[in-house]
Every structure is written in C-alpha cells, then in structure tokens.
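Reading through the structure tokens given below for one structure.
The values are calculated or read from the model by the stated rules, or taken from the named source; none is laboratory data. If you're wondering where the values come from, they're calculated on a predicted model, not measured in any experiment. FYI the Cβ positions are ideal-geometry reconstructions off the backbone, even for glycines, and counts take in every protein chain you see.
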Amino acid sequence: MTKKVARNGAGSQGSNYQRTNSAETILEELRKRDNVLRGLDSRNMKDAGETDGRGNITLNRRQYEAFNNAVDKLLNGNAADIDADEAGAVLTYWHERTHNLSKNLLSQAKFNDEQKDAMELATEFVAKETLHEFFKMFDAEPPAKINYSSEYERMTSRYQSAVTKLSEIGGISRADAVDKVRHHIANGAWEDQRKGLVNALYGVEIDGKIIDRGKLNRLVDAAIEESEYRFEKKMYKILGIN
C-alpha cells in the first residue's frame, strides 16, 4: 500500500531511500533496531502497512507488534517459534520494502486505477515470491503457515497461477519471471508496471508460435479483474489450450 506525500523535500531524502535497498543494510538495521524500525510506528490506521514512497515504512499497531516479535525471534535464533500472524506481518513489511526497491521515488507517481492495480500486483507478486530472501538473512526458512490478507492477494494469486501454467508449458521459468518483474519495479516507471508483468510472461511457445504480447496483456487484465473460477477459463481461452 502506498500513500500520497507532499513533493517538497523528496529529493533531499533520495539518498536514504536508495541506501536501504541492500540485504546487508536491511539486516544491519534490524540488528541495531535503527533507521527502518524507528520509521515504523504503532499508530492505528486502516491499512496493514504503507510507505511514503521515500523509503519510510509504517505498520499499524497489530502488524507493528507482530513484526517486532518475529524479528526478536529471528535475531535470537528462534525462527521455528514464529507464529502465522507474525509471519504475516513480515510479509506485510516485505511488501512495503519491495515498493522501496525503485530508483524512482514512488511519491512522484500519479496513477489511474488501472495503473495502481498493476503496480500493486507487481509489488505483491515479488514480495510473496521473494519472502524467503528476508528469512535467509537470518539463516532461516519462512514458516509453513502465514496469516496474511490484502486487497491485492487474490489478483496476485491469479497472476501466480498464470506464471505456473506458462512455466509448465515451457519458455519461461518462475525465477526469471520474478527477476523481470522485480527489475521493472526497480528501474521502470511506476505508472507502467504492466510492462514488467507482461515481459515476465513472454517467451512461451504454443504449437510452435510464441504467445504475443497482446494476449499476455489480456492475461494480466484477467488476473486483475476476473474471479478465480472465471480467470482459469479465461486464461485457457486466451492461450488457446484445453
């Protein structure tokens, strides 16, 4: 989730925004409880988490406390004790952190609804698919059960199922798809995250022909708009497979 912020002073915070992108820096901040954790506050708010697009993350009270509990356990080598709610708070944090991978300040972007949906889908997809990277910093694995919900979760699940199907057909790999979407988050325009979502699916051949980008655009549209049941039928129709 993102929130609008005033543009005044955005440039002055650009160095901090970029500085926090490396895994080493994130881990050091969490060890020291410095910078990032000072930016998280426990105020009550509607959304589970948000970022101002300059690298500053806020979690609501419940998520903030659960995230801190998870980090305590990770730092003490007790990853196995992290419960499903705490794991969900880590994913909320990781979603907001994924927003902040961009080299372009998110606070400068202006979206219509379609662009915002694509942006949040790309962010949620990468956050879910790379959650293991957060836990790897602590030599741990993500918990088997994660209590997590967001308004983007279902569209992300549909997009993930498209990645799974196209990987099975051949021509793309899941890891490459994640890398392409993440690369576009980091380097592309915030208002054009659809391009990264489409590029990640490109390269699959059916009956000797590469699926064209127009069909893949329709597939991304379906992931955003359709119900789970309708999406599967729409996906098969778009791809021309049984």
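Being closer than 15 Å to residue 118 by Cβ and not assigned by TED's automatic domain parsing to the domain that holds residue 124 holds for only one residue in 204, 198, and it is 198.
Please work out if residue 224 is β-branched (Val, Ile, Thr) and modelled with pLDDT of 95 or more. Considered against the rule, which asks whether it is β-branched (Val, Ile, Thr) and modelled with pLDDT of 95 or more, residue 224 comes out as yes. Does residue 174 satisfy the condition of being touching a residue at least 60 places away in the same chain (Cβ under 8 Å) and either touching an Asp or Glu at 6+ places or on another chain (Cβ under 9 Å) or of a type in the set (Lys, Arg) (or both)? The answer is no for residue 174. Across the range 167-179, the qualifying residues are those that are surrounded by fewer than 21 Cβ atoms within 10 Å (Cβ to Cβ) and in contact with a helix residue (DSSP H, G or I) (Cβ under 7 Å, 6 or more places away or on another chain), and the one among them that is farthest from residue 101 (Cα to Cα) is 167. Would you mind stating whether residue 109 is under 30 Å from residue 218 (Cβ atoms), of a type in the set (A, V, I, L, M, F, W, C), in the same structural domain as residue 50 (by TED's automatic domain parsing) and at pLDDT below 95? Yes. On the stretch given as the range 81-99, residues that are closer than 27 Å to residue 221 by Cβ and at pLDDT below 95 total 6. Residue-level check: of (1) under 12 Å from the mean Cα position of the chain (by Cα); (2) modelled with pLDDT of 95 or more, residue 173 misses just (1).
The number of residues in the range 207-224 that are free of Cβ contacts under 8 Å to residues at least 40 places away in the same chain and either in contact with a strand residue (DSSP E or B) (Cβ under 6 Å, 6 or more places away or on another chain) or in a helix (DSSP H, G or I) (or both) comes to 7. Checking the range 182-192 against the condition returns no match, with no residue being touching a residue at least 60 places away in the same chain (Cβ under 8 Å), of a type in the set (S, T, N, Q) and buried (at least 22 other Cβ atoms within 10 Å of the Cβ).
Take the range 149-166 and flag every residue that is assigned to a loop (DSSP other than H, G, I, E, B) and crowded, with 18+ Cβ neighbours inside 10 Å. Outline the logic, then answer.
The first filter runs over the range 149-166 and keeps only residues assigned to a loop (DSSP other than H, G, I, E, B), leaving 149-152.
Listed by number, the residues that qualify are 150, 152.
Residue count for the range 167-180 under the criterion of being under 22 Å from residue 226 (Cβ atoms) and in a helix (DSSP H, G or I): the result is 5.
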